[in-house]
Each structure stands twice: as structure tokens, then as C-alpha cells.
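Below is one structure, written out as C-alpha cells; the observations come after it.
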Amino acid sequence: MRHLKKGKKFGRLKGPRQHFLRNLASDLIRKEKIETTETRAKAIRPIVEKLVTLAKKQNLASRRLLISRLHNARVAQKMYEDIGPRYLEKKGGYLRITKSSKARKRDGSQLAVIEFVK
């Protein structure tokens, strides 16, 4: 039974799954809008929203935590200097997932667009 088993596995073990989600989150932060499957968008939303909340604190500890969690200094810098200050007054809900009407050609997965709310 799957009691209290939260989250999707994406057909990967724990380590590769963490790298996969971290790369998706980095791509979203870098481009601020990506098109991916609906399931992947729902999986990275809480990860990125926690990173935005961390970036809003604007102190050295949060900057170092961003670098350690994203494993990319340039992406962490963008999150800390651009995206974090943008949402200082907002309490939550930094991302929007919009379901697309098209499906991926090879396997029929429903696509969605995930983007930062302006």
C-alpha cells in the first residue's frame, strides 16, 4: 500500500530523481517559463516556491543555502538578486501552472506551462 508515500518517482531511483528535479527547477529559474508535462510541473512547484521564500530573506545564510540546493552559482544569484526581491510583499503563490491543450507526440502526456507570476 502507498500510505503516506508522497510524490512521484518518475521511474528513477532517489539520487537521479533529485538531480532531475533540481535540473528542472534550475531551468525554470533560468528561463522563468518552461513547458513540460503536467506531472513534472506539479512536482517542481513546491521546490521552487520554497527557494523563492528562501531568497526573500536576503541574507548571507539564505544565499549560501540557495547555492547548496541548486548546485549552480549563477542560477542561485539570479534567484537571490532578481526573483527574490520581486516577491517581497507576496506571501505565497509565486508560480502558475497552465494546462495546455496539446499532448506530447511520442507518448501522449499532457503538457503544461509553468511560469512565475508577475
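The values are calculated or read from the model by the stated rules, or taken from the named source; none is laboratory data. Treat the numbers as computed from the prediction; the structure is a model and nothing was measured. A quick note on method: Cβ atoms are made from the backbone with ideal geometry, for glycine too, and the neighbour counts reach across all protein chains shown. Accessible surface areas use protein heavy atoms only, side chains included; no ligands, DNA or RNA. Shrake-Rupley method; radii C 1.70, N 1.55, O 1.52, S 1.80 Å.
Figures for the structure shown
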quantity: Matching residues in the stretch 88-118 - criterion: being over 11 Å from residue 35 (Cα atoms) and among the acidic types (Asp, Glu); calculated: 89, 107
quantity: Residue identified as more than 12 Å from residue 116 (Cα to Cα) and part of a helix (DSSP H, G or I) among 45, 30, 12, 17; calculated: 17
quantity: When residues of the stretch 63-73 are limited to those that are in contact (Cβ under 8 Å) with a residue 12 or more places away in the chain and among the basic types (Lys, Arg), the one farthest from residue 27 (Cα to Cα); calculated: 63
quantity: Unmet criterion (only one of (1) assigned to a helix (DSSP H, G or I); (2) touching a residue at least 24 places away in the same chain (Cβ under 8 Å)) for residue 88; calculated: (1)
quantity: Any hit, the stretch 35-46, residues being β-branched (Val, Ile, Thr), more than 24 Å from residue 106 (Cβ to Cβ), modelled with pLDDT of 95 or more and surrounded by fewer than 17 Cβ atoms within 10 Å (Cβ to Cβ); calculated: no
quantity: Residue satisfying condition, being at pLDDT 95 or above and open to solvent by 90 Å² or more (accessible area, probe 1.4 Å), within set 31, 5; calculated: 31
quantity: Residue in the stretch 57-64 that is in a helix (DSSP H, G or I), more than 13 Å from the chain's Cα centre (by Cα) and hydroxyl-bearing (Ser, Thr, Tyr) present; calculated: yes
quantity: Given (1) open to solvent by less than 30 Å² (accessible area, probe 1.4 Å); (2) under 17 Å from residue 45 (Cα atoms); (3) in contact with a helix residue (DSSP H, G or I) (Cβ under 8 Å, 6 or more places away or on another chain), index of the condition residue 62 fails; calculated: (2)
